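Everything below concerns the one structure shown next.
No lab work stands behind these numbers, since they all come straight from the coordinates. In this text the structure is predicted, and so the values were computed from the model without any measurement. Here the Cβ positions follow ideal geometry from the backbone for every residue, glycine too, while neighbour counts run over all protein chains shown.
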Amino acid sequence: MNSMKIRSRGKGVGSGSIGNAEFMCPVSTQNIWTMAIPSPLRGTPPPTSKRSNVVLPVFSARTHLLSWAWAQPPSVKGLGLLPRVLARARTAFIGNSKSNSSASNSLDSLGIGIGLGIASGQKPLLPQIPKIAVVGVHGWFPGWLIRNVVTGRPTGTSDKFAEKMEQGVRQYYLEKYNINLPPSAISSIALEGHGKVEDRVDKLYAQVMKPELGHAKVLQEADVIMVAAHSQGSPVSVMLFARMVREGLVKLDRQRVCILLMAGISHGPFPHLKSSIVVKHVEGDTARQLFDFNDPTSAISRRYHAAIGQVLNAGIRICAVGSWYDQVVPLYSSTLHAFNHPSILRAIHIEGADYEPDFLSHLVVFALRLRNAGLSDRGLLVYLSEFLAGNVYGFGTQGHSTVYEELDTYTLAFSWAISPQIPYSYAKMKKTYAEENHKPQCTNPYDPFDDFGSTPTHATRSHRARNSSADLLVPFEAGVSDPPPPFAPSRENPISDLLITADPTYHTQFAAPPGKLNPYWVPWILAQITSDPHVYANEHLRPHLDEVMRLFNEWEPVGKQLKELQYRLEPLRSRL
């Protein structure tokens, strides 16, 4: 729920969405479908000046590498991380003129687009052009009754996502290197299929393997595979590619694969939507299954989370992009709150009409920066998600759909896909988290790194009683072990046979908050973040924290909820 500035679209008419289908209908009709859902509080309309849409935080491969310096193994630190990684990237840019055919089978030939020349103060070198395959996977579509009476034809189709991803890749090369990719450089695959998540995985895998379609050949011959998925399509895509990895269809020793999750239901929709008349009495089991993702112990959550562990351990990257004013999926769900891994990049899309570069927006983006650097946000994104909820009645921005209309969403994913690998020490990550969580502190039940033995409070006891970390996730096919990671196993990274979801370094049991959260945790969370030595020691995070502190003093929130948030943060004013 939120009380920030919104747009109203027409007198007596509201725009809304169910799943990823946009529609126009009278507000009174909307209320019939959502009469059991509380109306979010809203503020005053935005100013008339139009801002551009944004996808934040802006990604820089160089800065991202350096923000992970705290997790470098001693051997890497001694030799200097950035020069070694950039030297490898330079080799990738220049290529091997004596052996272009063999170079095409190596990750070092993928034209890693990290802006090497900008990072080193030299003119950018032209990359080799990899073979790129783009795959679109749509989300859940409402049943025929809702489509015919309310929503109309869905706009978030697999064809659209594949097309937008192709446009994003072409825009990347055009803007960065002034290269117009030839039509043959990118192959497009749109996978269609409806039903429950596991049924869709089977249907989509069958499509890929049909010889007459040629999809399997396209994927096997590609150097880079980009997957664009939305909402329910997010778990479908992850589970599909986990299966492809297990069956050898994709080879991560010579391919880069990135899955873009747009408004993905990784931890389910807003739990209160389950009481909607549409979900309870109109839609079928497919819609109701979406709420099983709220519970980490449900069968589908366990299988999905195990698949996330498998794809990450194999070397597949994930770009999780949430949306400001998403009326269906909370930000903590779309940005994979329960997972922590160097191969996950998080961001948020904000419509220009809703974007205010104020304390709240900077705080949300700063929390995403913390998670992107492998550091804990102390559960801040969970507590802020209710302030960023869209209006299910159709008023204002329908963020669940706008996220896939923004081309920068797709460009961000491609930039992330071909950026350098982050060398990190599993042992150091685990040690750092364990030490941090053994310090005397006030631990809220939604801290993503609270499974390392910190002294539990009453809240954490009840939270862990519901979601015991002893109940470890296991692969859903007996005898299947994760493939080795793309880097050489060593004493620093002994995870070649370790399922990521069984290790609190990478994964924590997280249940979606069933109701309104206690807002008085927020001051404690910010107090912990502002006193975190890892944040203060990180030269790429500290300036952003300073900016958040400065903006708090200038913040003039609109609406009851945000004014209450400001009031609760008053004790921290001397620190902020």
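Here are the numbers for this structure:
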| item | result |
| --- | --- |
| Prolate/oblate/rounded label for segment 262-383 (Cα gyration tensor, a/c 1.5) | oblate |
| Convex hull volume per residue in cubic angstrom - Cα atoms of segment 203-266 | 80 |
| Low-density loop cleavage sites - trypsin sites (Lys or Arg not before Pro) in segment 510-576, where at most 16 other Cβ are within 10 Å (DSSP) | Lys516, Arg573, Arg575 |
| Rg/Rh for segment 169-225, where both radii come from Cα atoms and Rh is the Kirkwood radius | 1.11 |
| Chymotrypsin sites (Phe, Trp or Tyr not before Pro) restricted to DSSP loop in segment 523-576 with at most 13 other C-beta within 10 Å | none |
| Links that overshoot a 27 Å alpha carbon limit, given the list Lys164/Lys560; Lys210/Lys251; Lys431/Lys516 | Lys164/Lys560; Lys431/Lys516 |
